[in-house]
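Data block below; observations after.
What follows draws every value from the coordinates through simple rules; no lab data is involved. Here the structure is a predicted model, which means the values were calculated and not measured. Because the Cβ atoms are built from the backbone with ideal geometry, glycine has one as well, and the counts that use them run over all protein chains shown.
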Amino acid sequence: MAAKSVVTVNEYGKIELRLKEIMDKKKMTRNYLARATNTRFEVINKWYNNEVEKMDLDILARICYVLDCKPSSLIKYEDNK
């Protein structure tokens, strides 16, 4: 099997966060989640608005714990095929 490599940014797809969907279904505010996860509002806001550039696995674990969900519920990968 030939190894894949990244030639241009648009070739490999993107990661989409679904925190907003989950929180909206649970009628949970960003302020509440920030307090419950002991995380700054600005950090939760970036996750909520799908603006995270680098994933912090500790934050992901806290969010999953409070929302009682798996990481796969929060993260979606879409390739550009």
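Mean separation of Cα pairs under 8 Å and 6+ residues apart, divided by the residue count of the stretch 23-81: what relative contact order is that in percent?
For the stretch 23-81, the relative contact order is 27 percent.
Sticking with the crude label model, points 7 Å out along Cα→Cβ, report the distance from A36 to K76 in nm, one decimal please.
2.1
When the helix-only estimate is applied to the chain (DSSP H runs of n ≥ 4, each -39,500 (n - 2.57), divided by the residue count), what is the mean residue ellipticity at 222 nm, nearest 500 deg cm²/dmol?
-12500 deg cm²/dmol
On a straight-distance basis, which aspartates and glutamates could pair with K14 in a cross-link, Cα separation under 14 angstrom, same-chain partners fewer than 8 positions away excluded?
Cross-link targets: E51, E53, E78, D79.
Hull surface divided by four, with the convex hull built on the Cα atoms of the chain: how many nm²?
Hull-based average projected area comes out at 6.5 nm².
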